[in-house]
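The values are calculated or read from the model by the stated rules, or taken from the named source; none is laboratory data. What you see is a predicted model, and the numbers here were worked out from it, not measured in a lab. Cβ sites come from the backbone with ideal geometry, for glycine too, and all protein chains shown count toward neighbours.
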């Protein structure tokens with residue numbers, strides 16, 4: 001078996017790895033996850049036994065690197081000053097959720113909701129919609145059946161819909177005069 005040069009692998013799949021890393025780890029850690037995945041892939045590449053499904057192999061490494069970042073983030077201690085700042089921010093938070101939201105990204109609430117999903121659902125959604133895998137390929141990546149991968153994606157989408165912010169309800173009462181009324 002002859003493996004293609006590693007650079008060809010990078011050229012062919014760097015976008016998929018970067019998109020999956022961003023989807024799973026978020027905009028802050030996504031680049032680090034992608035870089036870590038490429039470093040691990042380069043180290044393991046000479047020992048690879050088969051050149052079948054190299055894309056899947058890379059995406060598996062990427063999803064595992066993202067999982068490692070999530071685990072490390074949860075174990076990372078906060079300094080006492082940081083804890084005090086977090087407590088102050090929560091104390092000053094408005095009574096109405098979202099009243100002072102200044103998002104750094106236009107889809108920041110969506111990324112927050114995706115990060116809140118259980119790990120397998122988060123990976124399934126990212127592989128399905130970010131990397132654009134069909135359910136058969138998704139099942140191979142996750143080690144499940146196509147029906148189970150459909151269920152994972154379906155459950156994840158249902159959870160995201162529940163967290164979605166509903167548009168304000170229509171109110172028939174007016175709060176300001178119309179142009180025909182005197183002020």
- Query: For the stretch 1-23, what are the residues that are surrounded by 13 or more Cβ atoms within 10 Å (Cβ to Cβ) and more than 22 Å from residue 70 (Cβ to Cβ)?
  - Reply: 3, 6, 9, 10, 12, 13, 14
- Message: Quick test for you: out of 160, 127, pick the one residue that is at pLDDT below 90, under 20 Å from residue 57 (Cβ atoms) and touching a helix residue (DSSP H, G or I) at 6+ places or on another chain (Cβ under 7 Å).
- Response: 127
- Task: Scan the stretch 24-58 for residues that are touching a residue at least 60 places away in the same chain (Cβ under 8 Å) and surrounded by fewer than 19 Cβ atoms within 10 Å (Cβ to Cβ) and report the count.
- Result: 3
- Message: Please go through the stretch 12-60 and give me each residue that is on the phi > 0 side of the Ramachandran plot and touching a helix residue (DSSP H, G or I) at 6+ places or on another chain (Cβ under 7 Å), ordered by number.
- Response: 26
- Task: Can you confirm whether the stretch 92-114 contains a residue that is farther than 30 Å from residue 2 by Cα, surrounded by fewer than 11 Cβ atoms within 10 Å (Cβ to Cβ) and modelled with pLDDT of 60 or more?
- Result: yes
